[in-house]
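Visitor: Okay, handing you the structure first.
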Amino acid sequence: MKLRMLSSVVAFCVVSWAGAAAAVEARGPIWDDVNAKVTHTTYYYCNSANGFHGSLDIGNGTCSVWNMRGMLVGSFFWNVVSGYSNCLGTPQTPPNYAYVNGGSGYRFFQYHHNHNASSASKTCDRCALGLVGATGQAYGAHTHAQHNQNSTILTAWYSGYVTCGSKSSGNHIMGRPAM
Ligand SMILES: [Zn+2]
């Protein structure tokens, strides 16, 4: 009985310990397209306070052609919620999305992909999670990259790395979210 309790405690500690939060490099989700760029940052319309958005939108004007890859450099467990496809230019719900849980309440999200054979939860380093799409509240195919801590949207993770219109292929550093 004592041994069994001990093993349960050890297992709990391993599962719940996510380590101290540290900055992780994030790169563009559309690896090999030189035309991929940042279309929105803090506000929906770049350089004007017309609705808080808080996150990076990254697109290339095409839908379901390119893989949406995990942006975090390193091996992470990606939770993938997926099942739909949408290339229409009008918002439709529900969205597909993928996220990584970090320590200290940090969570990194990528939204809007279209479902394909890659769309399953897995541990990997910048692997394909689906196709760049428009599921959810999206007016066109793109990836919405959002960093939260305890449900609060953080924007400092991309400050100093990207601006509206900047290039965002997999060669470009998008920011350094804490995880
Ligand atoms: Zn967005």
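The values are calculated or read from the model by the stated rules, or taken from the named source; none is laboratory data. All values derive from a computational prediction rather than experimental measurement. Backbone-built Cβ (ideal geometry, glycine too); neighbour counts: all protein chains shown.
Visitor: How many of the residues in segment 26-71 are within 11 Å of the ligand (Cβ to nearest atom), closer than 21 Å to T135 by Cβ and surrounded by 14 or more Cβ atoms within 10 Å (Cβ to Cβ)?
Guide: 11
Residues are listed down the side, and each one gets a yes or a no for (1) at pLDDT below 80; (2) of a type in the set (S, T, Y); (3) assigned to a loop (DSSP other than H, G, I, E, B):
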residue	(1), (2), (3)
A11	yes, no, no
A49	yes, no, yes
W78	no, no, no
A98	no, no, no
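Visitor: Also, I was wondering about something else. May I ask you to verify whether S104 is more than 21 Å from Y44 (Cβ to Cβ), more than 13 Å from the ligand (Cβ to nearest atom), at pLDDT below 95 and not in a strand (DSSP E or B)?
Guide: Against the criterion (more than 21 Å from Y44 (Cβ to Cβ), more than 13 Å from the ligand (Cβ to nearest atom), at pLDDT below 95 and not in a strand (DSSP E or B)), S104 does not qualify.
Visitor: Among the residues of segment 75-107, write down those that are within 22 Å of A20 (Cα to Cα) and aromatic (F, W, Y).
Guide: Residues satisfying the conditions are F76, F77, W78, Y99, Y106.
Visitor: Still on this model: Which of the residues that make up segment 135-154 are within 12 Å of the ligand (Cβ to nearest atom), surrounded by fewer than 24 Cβ atoms within 10 Å (Cβ to Cβ) and of a type in the set (S, T, N, Q)?
Guide: Selection gives Q137, Q146.
Visitor: Hey, another quick one. Would you confirm, using the coordinates I've provided, whether G83 is touching a His at 6+ places or on another chain (Cβ under 7 Å) and within 16 Å of V65 (Cβ to Cβ)?
Guide: It is false that G83 is touching a His at 6+ places or on another chain (Cβ under 7 Å) and within 16 Å of V65 (Cβ to Cβ).
Visitor: Is it the case, given these coordinates, that A117 is assigned to a loop (DSSP other than H, G, I, E, B), free of Cβ contacts under 8 Å to residues at least 12 places away in the same chain and among the hydrophobic types (A, V, I, L, M, F, W, C)?
Guide: So A117 passes the test.
Visitor: How many of the residues making up segment 105-134 are among the polar types (S, T, N, Q), surrounded by fewer than 24 Cβ atoms within 10 Å (Cβ to Cβ) and within 22 Å of N171 (Cβ to Cβ)?
Guide: Counting residues in segment 105-134 that are among the polar types (S, T, N, Q), surrounded by fewer than 24 Cβ atoms within 10 Å (Cβ to Cβ) and within 22 Å of N171 (Cβ to Cβ) gives 1.
Visitor: Please list, ordered by first then second residue, the pairs with beta carbon atoms under 9 Å, 6 or more apart or interchain, first in segment 131-158 and at positive phi, second more than 12 Å from the ligand (Cβ to nearest atom) and hydroxyl-bearing (S, T, Y).
Guide: G136/Y84; G136/T93; N150/S104; N150/Y106
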